[in-house]
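Input: a single structure, listed below in structure tokens.
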Amino acid sequence: MKLLPLPLPLLPLLSRLPRPPRLSSALLGATALELVVLAGHLAVYPFGLTPERRPPTRPTGTEPDSGISSATALPVTAVAAPPPVVLLHGFIDNRSVFVLLRRALIRNGHEQGHHRHLESLNYSPLTRDIRTAAGLLGRHVEEICARTGHHRVDIVGHSLGGLIARYYVQRLGGDRRVRTLVTLGTPHGGTAVAPGAGVHPIVRQMRAGSSVIEELRAPAPGCRTRFVSFWSELDQVMVPTRTACVDHPDLDAVNVRVTGIGHLALPVHPTVAAAIREALDAPVTGEDAAPAAGATSVA
């Protein structure tokens, strides 16, 4: 068989084609872990389809000046009692993604000698707009505050869940209710990897340059919420990876670099869970502590 010479006009074209990525041992290990996490999550996914049971409302007193009706609030048992934690899942997911993190937070509460109220929220996979989902989150937060007697909550959001929570905080006045917002692999700057972007409008809103992403770039003077964003250098869903960092001059934000794991492992990895516990336990500005800003990392 005679090989024909390659036409010269094609050489410049081939030189511009992307080269296949070099697979490092770290990336291979992270990919293998992602597959294990995915298999485990698919096993528990059906158990998270139904909404979480809410404790019954009991009439009692409430904190002064909280704006919460005394007919529906539960007492805050101690001055140092931590605020409730709301867990918000990502795209086409449900509350089952937080099974391990929830256990870690409950165990930490027992070790610290306090009860941390935890609630996992499901939003519909048919939700077509981040703004609508953020408004619904706001109503849930108001209901949780009324039921628990706390006037503020902490939120942990994975992927799209973190973006919904940030929109609520930054654009809908949620900073008066949210003390700390922890995000895990959230496309704060928009991601170039958005499968189905031409089909689902909420996925298009996660792309860089979308109207939602541009709204979040707008000034946010006086925002009272502290942001802690976890980003992984091996997150194949966040492109570029640092798009999962909060980069806004008006926000009190710490960006935590995670090494060795990918997107799906962020809500389940024990090292990340320990760092999340520290972020939730740390006092914020106005609570006898100075704001922490900048960047850090966890292994």
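For the reader, a short list of remarks on this structure follows.
- For the stretch 136-153, the candidate set comprises residues that are free of Cβ contacts under 8 Å to residues at least 60 places away in the same chain and open to solvent by less than 20 Å² (accessible area, probe 1.4 Å); within that set, the residue that is farthest from L163 (Cα to Cα) is V141.
- Against the conditions (1) closer than 22 Å to A165 by Cα; (2) among the aliphatic types (A, V, I, L, M); (3) part of a loop (DSSP other than H, G, I, E, B); (4) modelled with pLDDT of 50 or more, L23 satisfies every one except (1).
- Of the helices (runs of 4 or more DSSP H) contained entirely in the stretch 108-210, those carrying at least 2 residues that are more than 16 Å from the chain's Cα centre (by Cα) fall at 130-148, 201-204.
- Every pair of residues 6+ apart whose Cβ atoms lie under 7 Å, when the first sits in the stretch 246-258 and is basic (K, R) while the second is part of a loop (DSSP other than H, G, I, E, B) and open to solvent by 20 Å² or more (accessible area, probe 1.4 Å): R257/E233
- Among the residues making up the stretch 101-117, those that are of a type in the set (A, V, I, L, M, F, W, C) and either under 30 Å from P201 (Cα atoms) or open to solvent by 60 Å² or more (accessible area, probe 1.4 Å) (or both) are L101, I106.
- Restricting the stretch 255-273 to residues that are in a loop (DSSP other than H, G, I, E, B) and among the small types (G, A, S), the residue that is nearest to V37 (Cα to Cα): A265
The values are calculated or read from the model by the stated rules, or taken from the named source; none is laboratory data. These numbers come from a predicted model, not from an experiment. Virtual Cβ from ideal backbone geometry, glycine too; neighbours counted across all protein chains shown. All accessible areas refer to the heavy atoms of the entire protein, side chains included, with ligands and DNA or RNA removed. Shrake-Rupley method; radii C 1.70, N 1.55, O 1.52, S 1.80 Å.
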